[in-house]
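Enquirer: I have a structure here, written as structure tokens, and I will follow up with some questions on it.
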Amino acid sequence: MSQEPANPSSHAQSHVHSPRPATARRSPALSGRARVPGDKSISHRSLMFGGLASGETRITGLLEGEDVINTGRAMAAMGATIARKGDEWIVQGTGNGCLLEPQAPLDFGNAGTGCRLTMGLAGVYAMRSTFIGDASLTKRPMGRVLDPLRQMGVQVESQPGDRLPVTLTGPRTAAPITYRLPMASAQVKSAVLLAGLNTPGITTVIEPVATRDHTEKMLTGFGAKLDVTIDTDGARRISIEGQGDLRGQIIAVPGDPSSAAFPLVAALIVPGSDIIIENVLMNDTRTGLITTLIEMGGDITLINRRNAGGEDVADLHVKASELTGVEVPAARAPSMIDEYPALAVAASFAKGETRMTGLDELRVKESDRLAAVARGLEANGVDCTEGHDWLTVRGRPDGKGIGGGTVATHLDHRIAMSFLVMGLAAENPVTVDDATMIATSFPEFMGLMAALGAVIEG
């Protein structure tokens, strides 16, 4: 990669980490307009599919966080040419089936999505590829992706528990499989479909519970022959024909709803706030948080709704609201899995009890995200109960007694941002032990929140 943005990821060079705490304090009403970074899921896939396609892919709105940059570095290590020119990223791809064997380990830093999807993409090639990451990623289980790759003929060398470092040796010719997902995971679904790109015949993923569908939409846009049907039991059956041609595309990445969650929740809980968040992706596999907050009484209006590059996009007009606790159904979890920490903060200021179920996937995120949220709530005086796959939060609408604690972030960007949002409406300041990892997904977070009027130091 060349002509990268300022402060590109240091993970590729070093995993030495110096924590930088930050503190959020009760803020005046938030106001103004904000534009969140490009969607992380679409940004990862834009560089991956562009790097694999023949010809040129031009990307605007790319999330220039460390996670996405590390995915770009991995594609460059396997033969793609990726450069930033002005506000565009220009990708010259290798052509499907033509990735080169990387000469050094592929370092994904903190990027679970980039790591797991690239394992699927590269693992079936007749070459050796080694995957490494930072302390957080090294703790995360990779078996859910490695198991189907083993079925396709990939040899796997890994640390105990199928953790990084992982070395994959692909077969001479990979075998197509039909794989039923044992859990709702867009990453596993995507990894198997990407493995199918370089595998002769038809590779099929059966998805009992629908998850974000960016891989299917974007692969189709790049020219892959992909078919989606619904089984009699309601499961989605996604089949991809291997060894086809992919062609470069022009991509405008919409704003990330997972990043929009932070100014969105902040505006709801800080009295008197009135903001507009522009250009947010409204794909219905990603809008569970907005649905839930509206059910809680959140004043959220979708304006300027439009279609951009095959995806629904809108601006969000958000006003401070009196929230009431709700029961969040487990079936909604796949559409808001990354937003539960922000929802827990909103629930802390809601009247009554909010109960969230079906959260077992949070145990294997950048941290044990469910435990991290519960400990952070407790440290700041919020009444909550944590179960194996559920969390109940009993809120204080006036914010009285909330705050005053320090939150252990466990190298998790979403924990850091969520609890900084809490501090904006709490009676007492809220401190997070480290804010450096926010750069993995939302480098502009501090500046964007300050421009709206948020008081955050650090």
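Enquirer: When ALA80 is evaluated against the numbered criteria (1) under 28 Å from PRO257 (Cβ atoms); (2) touching a residue at least 40 places away in the same chain (Cβ under 8 Å); (3) not charged (D, E, K, R), which criterion, by number, is the only one it fails?
Expert: (2)
Enquirer: Would you point out which residue out of THR220, THR215, THR232 is assigned to a helix (DSSP H, G or I) and free of Cβ contacts under 8 Å to residues at least 24 places away in the same chain?
Expert: Among THR220, THR215, THR232, only THR220 is assigned to a helix (DSSP H, G or I) and free of Cβ contacts under 8 Å to residues at least 24 places away in the same chain.
Enquirer: Take ALA416 and decide whether it is under 17 Å from LEU343 (Cβ atoms) and in a loop (DSSP other than H, G, I, E, B). Reasoning before the result, please.
Expert: Working: under 17 Å from LEU343 (Cβ atoms): yes; in a loop (DSSP other than H, G, I, E, B): no.
Taking the combined requirement at face value, the residue does not satisfy it.
Enquirer: Looking at the stretch 360-387, which of its residues are part of a loop (DSSP other than H, G, I, E, B) and modelled with pLDDT of 95 or more? Talk me through it step by step, then tell me what you get.
Expert: Of all residues in the stretch 360-387, those part of a loop (DSSP other than H, G, I, E, B) come to 365-368, 380-382, 387.
Correct list: ASN380, GLY381, VAL382, GLY387.
Enquirer: Another question about this same structure. Which of the residues belonging to the stretch 228-247 are acidic (Asp, Glu) and touching a Lys or Arg at 6+ places or on another chain (Cβ under 8 Å)?
Expert: Matches in the stretch 228-247: ASP231, GLU241.
Enquirer: Still on this structure: Within the stretch 239-255, can you find the residues that are in a loop (DSSP other than H, G, I, E, B) and within 19 Å of LYS225 (Cα to Cα)? Before you say what the answer is, go through the steps one by one.
Expert: We begin by selecting, within the stretch 239-255, every residue in a loop (DSSP other than H, G, I, E, B); these are 242-246, 248-249, 253-254.
Of everything in the stretch 239-255, those that are in a loop (DSSP other than H, G, I, E, B) and within 19 Å of LYS225 (Cα to Cα) turn out to be GLY242, GLN243, GLY244, ASP245, LEU246, GLY248, GLN249.
Per-residue answers, yes or no, for (1) among the hydroxyl-bearing types (Ser, Thr, Tyr); (2) touching a Phe, Trp or Tyr at 6+ places or on another chain (Cβ under 7 Å); (3) surrounded by fewer than 24 Cβ atoms within 10 Å (Cβ to Cβ); (4) over 21 Å from LYS365 (Cα atoms):
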position: GLN103; (1), (2), (3), (4): no, no, yes, yes
position: ASN110; (1), (2), (3), (4): no, no, no, no
position: GLY120; (1), (2), (3), (4): no, no, no, no
position: VAL124; (1), (2), (3), (4): no, no, no, yes
position: THR138; (1), (2), (3), (4): yes, no, yes, no
position: GLY143; (1), (2), (3), (4): no, no, yes, no
position: GLU157; (1), (2), (3), (4): no, no, yes, yes
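Enquirer: Next question, about the same structure. Could we say that GLU327 is crowded, with 21+ Cβ neighbours inside 10 Å and acidic (Asp, Glu) here?
Expert: So GLU327 does not fit the description; no.
Enquirer: Filtering the stretch 227-255 down to residues that are of a type in the set (A, V, I, L, M) and surrounded by fewer than 21 Cβ atoms within 10 Å (Cβ to Cβ), which residue is nearest to ASN307 (Cα to Cα)? Talk me through it step by step, then tell me what you get.
Expert: Just the residues of the stretch 227-255 that are of a type in the set (A, V, I, L, M), to begin with: 228, 230, 235, 238, 240, 246, 250-253.
From what's left, surrounded by fewer than 21 Cβ atoms within 10 Å (Cβ to Cβ): 228, 230, 235, 250, 252.
On the way: VAL228: 21, ILE230: 25, ALA235: 27, ILE250: 15, ALA252: 11 Å.
So, considering only residues that are of a type in the set (A, V, I, L, M) and surrounded by fewer than 21 Cβ atoms within 10 Å (Cβ to Cβ), the one nearest to ASN307 (Cα to Cα) is ALA252.
Enquirer: Something else about it: Assuming ALA266 fulfils every condition listed in (1) touching a Ser or Thr at 6+ places or on another chain (Cβ under 9 Å); (2) assigned to a strand (DSSP E or B) apart from one, which condition is it?
Expert: Condition (2) is where ALA266 drops out.
Enquirer: For the stretch 361-369, check the following and say yes or no: at least one residue is more than 20 Å from the chain's Cα centre (by Cα) and on the phi < 0 side of the Ramachandran plot. Don't jump to the end; show me each part of the working.
Expert: Filtering the stretch 361-369 for residues more than 20 Å from the chain's Cα centre (by Cα) gives none.
Checked the stretch 361-369: no residue is more than 20 Å from the chain's Cα centre (by Cα) and on the phi < 0 side of the Ramachandran plot.
Enquirer: Looking at (1) touching a strand residue (DSSP E or B) at 6+ places or on another chain (Cβ under 6 Å); (2) in contact (Cβ under 8 Å) with a residue 60 or more places away in the chain, which is the only condition LEU181 fails?
Expert: For LEU181, the failing item is (2).
Enquirer: Please count how many residues of the stretch 99-113 are under 11 Å from VAL68 (Cβ atoms) and assigned to a helix (DSSP H, G or I).
Expert: Number of matching residues: 1.
Enquirer: With respect to the numbered conditions (1) closer than 30 Å to GLN187 by Cβ; (2) in contact (Cβ under 8 Å) with a residue 12 or more places away in the chain; (3) within 25 Å of the chain's Cα centre (by Cα), which one is the sole condition not fulfilled by LEU452?
Expert: Among (1) closer than 30 Å to GLN187 by Cβ; (2) in contact (Cβ under 8 Å) with a residue 12 or more places away in the chain; (3) within 25 Å of the chain's Cα centre (by Cα), the lone unmet condition for LEU452 is (1).
Enquirer: Please enumerate the residues belonging to the stretch 287-314 that are farther than 13 Å from GLY325 by Cα, of a type outside the set (Gly, Ala, Ser) and not in a strand (DSSP E or B).
Expert: Within the stretch 287-314, THR287, LEU289, ILE290, THR291 meet the criteria.
Enquirer: Hey, another quick one. Would you kindly identify the strands (runs of 3 or more DSSP E) lying entirely within the stretch 148-206 that contain at least 1 residues that are under 26 Å from CYS98 (Cβ atoms) and within 24 Å of the chain's Cα centre (by Cα)?
Expert: Fully inside the stretch 148-206 and qualifying: 163-169, 178-180.
Enquirer: Would you check if GLY55 is at positive phi and either surrounded by fewer than 18 Cβ atoms within 10 Å (Cβ to Cβ) or aliphatic (A, V, I, L, M) (or both)?
Expert: Yes.
The values are calculated or read from the model by the stated rules, or taken from the named source; none is laboratory data. If you're wondering where the values come from, they're calculated on a predicted model, not measured in any experiment. Cβ atoms come from the backbone with ideal geometry, glycine included; neighbour counts cover every protein chain shown.
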